[in-house]
Amino acid sequence: MTDLPAKAYELLKSVFGYETFRPGQAEVIGAVLDGDPVLAVMPTGSGKSMCYQLPALMDDGLTLVVSPLIALMRDQVQQMRSLGVAAGTLNSSNNAQETADTWAALKAVELRLLFLSPERLAMDGLHQALRRAGVRRIAIDEAHCVSEWGHDFRPEYRQIRTAVEAMGNVQVIAFTATADRNTRDDIVGRLFDSTPKVFVHSFDRPNLDLRFAAKDQPRRQLEAFLSTRRGQSGIVYCSSRDRTEKTAEWLNASGFEAVPYHAGLDQNIRARNQDRFLQEDGIVVAATIAFGMGINKPDVRFVAHADMPGSVEAYYQEIGRAGRDGLPASTLTLYGVEDMALRRRQIAEKPISDERRRIENERFGRLAMLCEASSCRRQVLLAYFDEPSAPCGSCDICRGEVSLYDGTIDAQKVLSAVYRTGQRFGAGYLADVLTGEATDAIRRNGHDLVKTFGVGKDRAKQAWSSIIRQLFAAEAVATASTEHGGFCLTEKGQEILLGRETVRLRTEAPKAPRARSRDAKGQAEQEGLDEADATLFGLLRKKRLEIARSEGVEAYVVFADRTLLEIARKRPSTLQEMAGIHGIGASKLDRYGDAFLEVLDAAG
């Protein structure tokens, strides 16, 4: 481990309540303290924020943090202030008094951390004010937004380099959880004027359970996944605004506490729904991808995709919102051939260069491969980021929930049907041909007379649709027409059809996953607490929510679940003993220690 000054370890314990750094943090912090330009690619939940928060406390200068979302900025300011750190933000959601207080603290050179959006950073006159306030470094969060190769490009990020120069070429440190090699190179070229120290840490999130399923009555599938997770906080991502609202309505009717979130909602409603999710336990948010970047809630216990994500990077970023506290969390991704065809059409219709279109198609192909993987999910996911790994033993495939077989003959039947019907029809039509369903359209086209009509009577249409989807993911068939859809053979498909290449496919009925209780009590018991301590954990959460509401902050700003679990397990009886609990620094001990000791006393 990098040798850091003793003061760094003292602050880690006294301010943040941690005994040790997380893997990789010390190396990055060491480079930051040495004054080096830094690009750190670290997975969500690995503690990127600590890499600029702690250095801000180690010196006398101001650290400027550029963040893309107001919610994230306000959240981090709350957390820093709860730790006794002078922090502020300038953004459009501030009231007049908040803005005045922040400017006063800036002019008095009192702030250690100031959070800004890239748009606010570009405003006239701000650069000079920041120079006068003693800005020492600029930390750029979600740095992949600067790159067109990234999954969430934001043009405003391109202006950051100009701001850095205007402030006197201060130290630049940039952080992201998702950046492949092209994106990393682009970030370096656009944010730095000299070669930075680049840290690329493992992308593995071993506490996340990875599971995918082809769409088959999606609501039933979601209900089965969510039924063992009642009382937990989670996110369900949907492909459209309308679907988020309908999904939230359905979840509420099914007994969940659910709220919708999308960019089209009234701003006050959107803010209220986000606040409920952040401040309360057990809220499920049904959201578009407008929700989530920078959401710092550590105790999100599950993320479900009701529709296929946009890319591997987007998938990784979105599931990364679960389990940031390091405790077990679950993911489920539902996908269908319609999702795949839609994504292909969207890429084809984008006003982008041929080279960009080629790269986007390649990236989508990698996502489709992940969905229809026949080997360890985690291996396939990490391989995308050029990280080798052994089978994880804990994803749905490693657990044996997905059965595979040599599907070459079945694939040849599909590919023959595609070829003999003219390479222009979709999955439903092809399934009718294969099962011998002589619809009006099939008779009109004369396809009830082709050789492959009815060769698949031994399987249901649903099974053939699954095989078609897998062949699409495996790039054995492609979209025949951007305008009309349908499928045509690829070169790989021709090789399979001619028997020169084999293919493995899923069986029709994957093994059902074993149901596991994941409510709050179940979570506590899984963490090694007996029934009495699990009950105490519930009482501690109740007290946490009570305090959070009285202070108008998120529950986890008081204490994270990991801290409450340790309190329930160790049952400290004095403030001195409580000071040894993970996540309890001096400021939080002073503010909340007595209140939680009262809960412990009452529980006996």
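The values are calculated or read from the model by the stated rules, or taken from the named source; none is laboratory data. These numbers come from a predicted model, not from an experiment. A quick note on method: Cβ atoms are made from the backbone with ideal geometry, for glycine too, and the neighbour counts reach across all protein chains shown.
One table, with the values for the structure above:
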quantity	calculated
Qualifying residue in the range 329-338 (condition: under 23 Å from F487 (Cβ atoms), acidic (D, E) and either buried (at least 18 other Cβ atoms within 10 Å of the Cβ) or modelled with pLDDT under 85 (or both))	yes
Residue tally, condition surrounded by fewer than 22 Cβ atoms within 10 Å (Cβ to Cβ) and under 31 Å from the mean Cα position of the chain (by Cα), over the range 86-97	7
Condition met for E223 (out of contact with any strand residue (DSSP E or B) (no Cβ under 9 Å at 6 or more places or on another chain), under 26 Å from L278 (Cβ atoms) and either modelled with pLDDT of 90 or more or buried (at least 17 other Cβ atoms within 10 Å of the Cβ) (or both))	yes
Residue in the range 530-550 that is outside any helix (DSSP H, G or I) and either more than 23 Å from V77 (Cα to Cα) or touching a Ser or Thr at 6+ places or on another chain (Cβ under 6 Å) (or both) present	yes
Which listed residue, of A427, A373, is of a type in the set (A, V, I, L, M) and assigned by TED's automatic domain parsing to the domain that holds G486	A427
Hey, A263 in the same structural domain as L332 (by TED's automatic domain parsing) and surrounded by 18 or more Cβ atoms within 10 Å (Cβ to Cβ) or not	no
Top-ranked residue of the range 534-552 - restricted to ones that are of a type outside the set (D, E, K, R) and buried (at least 19 other Cβ atoms within 10 Å of the Cβ), ranked as nearest to D275 (Cα to Cα)	A548
Residue within the range 46-65 that is at pLDDT below 85, part of a loop (DSSP other than H, G, I, E, B) and not acidic (D, E) present	yes
Residue match in the range 320-331 (condition: under 29 Å from S227 (Cβ atoms), touching a helix residue (DSSP H, G or I) at 6+ places or on another chain (Cβ under 6 Å) and not in a loop (DSSP other than H, G, I, E, B))	yes
Which listed residue, of E355, E349, is closer than 27 Å to S466 by Cα and acidic (D, E)	E349
Count of residues meeting criterion [closer than 15 Å to G486 by Cα and touching a residue at least 40 places away in the same chain (Cβ under 8 Å)] in the range 343-354	3
Members of the range 396-432 that are farther than 27 Å from S374 by Cα and either in contact with a Lys or Arg (Cβ under 8 Å, 6 or more places away or on another chain) or surrounded by 14 or more Cβ atoms within 10 Å (Cβ to Cβ) (or both)	R420, T421, R424
Selection status of L265, farther than 23 Å from G323 by Cα and either free of Cβ contacts under 8 Å to residues at least 40 places away in the same chain or not in a loop (DSSP other than H, G, I, E, B) (or both)	yes
Index of the failed condition, S240 passing every other in (1) of a type in the set (S, T, Y); (2) closer than 21 Å to L69 by Cα; (3) surrounded by 17 or more Cβ atoms within 10 Å (Cβ to Cβ)	(3)
Which numbered condition V285 misses (of (1) buried (at least 22 other Cβ atoms within 10 Å of the Cβ); (2) modelled with pLDDT under 95; (3) β-branched (V, I, T))	(2)
Qualifying residue in the range 106-114 (condition: under 30 Å from F385 (Cβ atoms) and either part of a loop (DSSP other than H, G, I, E, B) or hydroxyl-bearing (S, T, Y) (or both))	no
Qualifying helices (runs of 4 or more DSSP H) (wholly inside the range 364-468; at least 3 residues being under 36 Å from the mean Cα position of the chain (by Cα) and touching a residue at least 24 places away in the same chain (Cβ under 8 Å))	377-384, 408-420, 427-435
Residues of the range 300-316 satisfying the condition of being outside any strand (DSSP E or B) and either of a type in the set (A, V, I, L, M) or buried (at least 24 other Cβ atoms within 10 Å of the Cβ) (or both)	A306, M308, P309, V312, E313, A314, Y315
Residues (of a type in the set (A, V, I, L, M, F, W, C), modelled with pLDDT under 90 and not in a loop (DSSP other than H, G, I, E, B)) located in the range 170-219	A214
